[in-house]
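Sharing a structure, written as structure tokens. Questions coming.
The values are calculated or read from the model by the stated rules, or taken from the named source; none is laboratory data. Since this is a predicted model, take the numbers as computed values, not measurements. For neighbour counting, all protein chains shown are included, and Cβ atoms are generated from backbone atoms with ideal geometry for every residue, glycine included. Each accessible area value is taken on the protein alone, full model and side chains, heavy atoms only, with ligands, DNA and RNA left out. Shrake-Rupley method; radii C 1.70, N 1.55, O 1.52, S 1.80 Å.
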Amino acid sequence: MKVSELKHSGLKKWVEEAIALMSPDSAEVCEGGQAEYDRMIQITLDQGLATKLNGQKRPGSVLYRSDPSDVARVENRTYIASEKESDAGPTNHWVDPKELKKTMTGLYQGCMKGRTMYIIPFSMGPVGSDIAKIGVEITDSPYVVANMHIMTRVGTKVLEVLGGDGPYVPSYHSVGKPLAAGEKDNGVWPCAPMDDKYISHFPETREIWSYGSGYGGNALLGKKCLALRIASVLARDEGWLAEHMLILKITNPKGESKYITGAFPSACGKTNLAMLIPTLPGWKVETVGDDIAWMKFGDDGRLYAINPEAGFFGVAPGTNDESNRNAMVSASKNTIFTNCGLTEDGDIWWEGIGYGAPGKEIIDWKGNRRPSPQKDKSPKGEEIAHPNARFTAPAKQCPCIAKEWEDPKGVPISAFLFGGRRPKTIPLVNQSKGWIHGVFMGSIVGSEVTAAVISDQVGQVRRDPFAMLPFCGYHMGDYFAHWIRLGKKAEAAGKADKLPKIFFVNWFRKNADDKFIWPGYGENSRVLAWIFDRCDGGGKAVDTPIGWLPTPDAIERPDGVSEADMAEITAVDIEGWKKEIADVRKNHYPKFGDKLPKELYDELDAIEKRLDV
Ligand code: GTP
Ligand code: SPV
Ligand code: MN
């Protein structure tokens, strides 16, 4: 569709201004649909940026290799440009919005020369539903258009909902690599140097400006930029929650179902938990969402969650038929792979895929020919697939997608899980003593930094409150207060018992040999079953200084976990917790100054006292 055919006058004007600024060779409005998707893929095939995979093995699928500087989110180049620095808070990078817009306008000047501008109308959430939000992304990357087709709902149907004057989040994106006359990408992933990359958010005006990266959350602006950073600000203002959470449906052997959400930092197990195949007989898990949950209160006082996305942008390495068969099936066709290995028979390969690569040679994510790995692991630093290699797959291809996954009403949540990668101290599962204690737990989440972010901290434990450290669009202290306020409101309405119960989980405890003690994946169903029962007032538990822990026999031990192991991961490590609490008091909470809600300091005092036995 032509820009001149746009019926929304504000949108048309905004697009025309962008064209004048960015000087693309041509511009088109995306209409959605298979033909458009196929055309986008074909353009990148013609540019040598994509490889078509073997149609027998991976029908309708392609592989891309990105630039080695452009392989994950760039937190150091991500900005919350609120009017006041104090509104961005201590955990966000801030630049004065006027200054940032000036710098970025300079970068955007002529940035699409030699390229086509695509205008993507997209809906986060089912098109037309009350809870959905509309964005319009302008991009010069057909790779982004194709990914947005899978991850969001795109096209004319969104414009229809927008009508002549509906609200939308205007979102600029450019890879930041204009082409000279006659120049082509010629197989080289276009992006700008690190110091020119900007992932910027203007929370007051609800705008997103992204420049210089073509990868994942930096470029697919519906995901982290809109559905978390901008939406978290909307949620604060309007009394709801926009969270970095998976949503799962769990059904017990009696056929009773509950919905649970879980916030774990990037690459800490949300997709895997959302799709798990229980090892516990008679239990069933189905997927509603694997990364983001938007939750609003219903008239009954319960929190209802929707998944604003339409696809999975999942971590490839470590995914196999044993660990996550549902993800393997989801990505078995019509899937975009990025930074995986390419086998001789035209299929993808990654570390932990469960088998060695066929044939003599494989092409690694950098495009180099290497001997085919016989086993499914490679030495660190010499990986065939980048550790943050990803698959983009339609949610509807997931064999365990819950039938209610697109229900605009959302699903009523019974429990929130918080968690992270913690090799020590944090037990397998711990139930909060109440809402505020649960908010306290969320506020102190710590996790080893993973390859999902470009950072020199990878592998080190950092605090990542509510798994929202890189995604909260405002002051994190105000965010804690927002959570406390919601609990108090429910209490005042006599509906505190309708709030989800809050749990802390840790699948990543290690033993003295640096091996995971808990087998994880499908075996996590044992912990989910305990949580399910706790929500109904069952499940054997002991009251401890840090919360309610399962008795050593409450959770049946999986194979390979000894009685001593189980005792270790369900006990309170008093000394470890004292250090944890001291660290929160000294290094974590003071960051938030007087915005740190008093209730959380009270919790800190109380837990410290309880530990002092
Ligand atoms: P993002 O998409 O970055 O937000 O990540 P995510 O939270 O969805 O993480 P994901 O489920 O993709 O898992 C990331 C990595 O952790 C993969 O390599 C998994 O194999 C591994 N993983 C997931 N669940 C478990 C578990 O229960 N135990 C262990 N040991 N590893 C796990
Ligand atoms: C994450 O990093 O939490 C992701 C991947 O889900 S990205 O979309 O790149 O942010
Ligand atoms: Mn994520």
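At a Förster radius of 35 Å, what calculated FRET efficiency corresponds to the Cβ-Cβ distance of residue 585 and residue 403, to the nearest 0.05?
Details: r = 47 Å, r/R0 = 1.33.
The calculated FRET efficiency here is 0.15.
Further, regarding this structure: Hey, what's the range 312-397 come to in accessible area per residue, 1.4 Å probe, Å²?
Working: 3590 Å² over 86 residues.
Per residue, the range 312-397 has an accessible area of 42 Å².
Taking the full set of protein chains and a 1.4 angstrom probe, give the accessible area of residue 562 in square angstrom, rounded to the nearest 10.
Solvent-accessible area, nearest 10 Å²: 50 Å².
Taking the Cα centroid of the range 281-341 and of the range 414-450, what is the distance between the two, rounded to the nearest whole Å?
21
Could you run the Debye sum over the Cα atoms of the range 102-197, one equal point scatterer each and no solvent, and tell me log10 of I(q)/I(0) at q = 0.13, 0.18, 0.25 Å⁻¹, two decimals?
Once normalised to I(0) and log-transformed, intensities are -0.53, -0.88, -1.25.
For residue 499, tell me the accessible area in Å² from a 1.4 Å probe, rounded to the nearest 10.
10
Hey, can you find the accessible area per residue of the range 453-533 for me, probe 1.4 Å, expressed in square angstrom?
Numbers: 3080 Å² over 81 residues.
About 38 Å² of surface per residue is accessible.
Right, something else. Let me have the relative contact order for the range 240-319, percent, based on Cα pairs under 8 Å that are six or more residues apart.
Values: 148 pairs, mean separation 26.4, N = 80.
With pairs under 8 Å counted, the relative contact order is 33 percent.
Something else now. Mind checking the full-extension length gain between residue 565 and residue 606? Use 0.36 nm per residue of separation minus the Cα-Cα distance, one decimal, nm.
On the way: separation 41, 0.36 × 41 = 14.76 nm, distance 2.88 nm.
Using 0.36 nm per residue and subtracting the Cα-Cα distance, I get 11.9 nm.
I've got another one for you. Rounded, prolate or oblate for the range 202-242? Axes are the square roots of the Cα gyration tensor eigenvalues, ordered a ≥ b ≥ c, and the cut-off for rounded is a/c under 1.5.
Values: a/c = 4.73, a/b = 1.93, b/c = 2.45.
Note, shape of the range 202-242 comes out oblate.
To continue, here is another question. Under 4 °C and 1.567 mPa s, how fast does the chain diffuse according to Stokes-Einstein, given a Kirkwood radius computed over C-alpha pairs? Answer in µm²/s, whole number. Each step should come with its number before you reach the end.
On the way: Rh = 24.8 Å.
Translational D for this selection: 52 µm²/s.
Here is a further query. Probe of 1.4 angstrom, ligands and nucleic acids ignored: what's the accessible area per residue over the range 1-147, in square angstrom?
On the way: 6090 Å² over 147 residues.
Accessible area per residue, the range 1-147: 41 Å².
Continuing with this model, one more query. What FRET efficiency, computed as 1/(1 + (r/R0)^6) with R0 = 30 Å and r the Cβ-Cβ distance, is obtained for residue 179 and residue 20, rounded to the nearest 0.05? Working shown, then result.
Values: r = 19 Å, r/R0 = 0.62.
For R0 = 30 Å, the calculated efficiency reads 0.95.
Quote the relative contact order of the chain in percent (integer), defining contacts as alpha-carbon pairs under 8 Å separated by 6+ residues.
Details: 1393 pairs, mean separation 87.6, N = 613.
Contact order relative to length: 14 percent.
Accessible area, 1.4 Å probe, largest first: how do 407, 553 sort?
Details: 407 45, 553 100 Å².
Per-residue accessible area, sorted high to low, gives 553, 407.
With both bridge residues required to lie in the chain, what share of the DSSP beta bridges run antiparallel, to the nearest 5%? Present the calculation step by step, with values, prior to reporting the outcome.
Working: 64 of 96 bridges.
Here the share of antiparallel DSSP bridges comes out near 65 percent.
Given the C-alpha centroids of the range 47-125 and the range 212-275, what is the distance between them in whole angstrom?
After rounding, the separation between the Cα centres reads 20 Å.
For the chain, take the longest principal axis of its alpha carbons; what is the angle in degrees between that and the long axis of helix 476-492, to the nearest 10 within 0 to 90?
60
Where the accessible area of the range 259-352 is counted over protein heavy atoms with a 1.4 Å probe, how much of it, in %, is carbon and sulfur? Walk me through the numbers before you get to the answer.
On the way: 1170 of 2430 Å².
Summing carbon and sulfur atoms, their accessible area is 48 percent of the total for the range 259-352.
If you count only protein heavy atoms and use a 1.4 Å probe, how large is the accessible surface of residue 236, to the nearest 10 Å²?
70
Could you tell me what percent of the accessible area of the range 5-97 is made up of carbon and sulfur, with a 1.4 Å probe and every protein chain present? Don't skip to the answer; put the middle values down first.
On the way: 2040 of 4340 Å².
It is 47 percent, rounded to a whole number.
Largest first, how would 403, 433, 424 line up by accessible area (1.4 Å probe)? Present the calculation step by step, with values, prior to reporting the outcome.
On the way: 403 175, 433 80, 424 140 Å².
If we order 403, 433, 424 from most to least accessible, we get 403, 424, 433.
Another question, then. Determine the share of the range 422-469's accessible area contributed by carbon and sulfur atoms, expressed in whole percent, with a 1.4 angstrom probe. Let's see the in-between values first.
Numbers: 670 of 1320 Å².
Accessible surface attributable to carbon and sulfur in the range 422-469 totals 51 percent.
A further question on this structure: Shape verdict for the range 193-343, please, from the Cα gyration tensor: rounded (a/c under 1.5), prolate (a/b greater than b/c) or oblate.
On the way: a/c = 3.01, a/b = 1.17, b/c = 2.57.
Since a/c reaches 1.5 but b/c is at least a/b, the shape of the range 193-343 is classed as oblate.
With a 1.4 Å probe and all protein chains kept in place, how do 83, 603 rank by accessible area, largest first? Provide the component values of the computation, followed by the final result.
Numbers: 83 105, 603 40 Å².
The ranking, largest first, comes out as 83, 603.
Helix 97-108 versus the longest principal axis of the chain: what angle, 0 to 90°, nearest 10, using Cα atoms?
40
Next up: At a Cα cut-off below 19 Å, give the aspartates and glutamates reachable from residue 409, other chains included and same-chain residues fewer than 8 away excluded.
Residue 409 reaches 130, 238, 243, 286, 290, 291, 299, 300, 309.
To continue, here is another question. Measuring from the lowest to the highest alpha carbon on each principal axis, how far does the range 312-397 reach, largest first, in angstroms?
Result, largest extent first: 36, 23, 23 Å.
Further, regarding this structure: Compute the Cα gyration tensor for the range 25-73, then decide on rounded, prolate or oblate, letting a ≥ b ≥ c be the square roots of its eigenvalues: rounded whenever a/c is under 1.5, prolate when a/b is larger than b/c in the other cases, and oblate in all that remain.
On the way: a/c = 1.91, a/b = 1.09, b/c = 1.76.
Oblate.
If you don't mind, another one. Between residue 510 and residue 186, what is the spin-label point distance in nm, taking each point 7 Å from the Cα along the Cα→C-beta axis?
4.5
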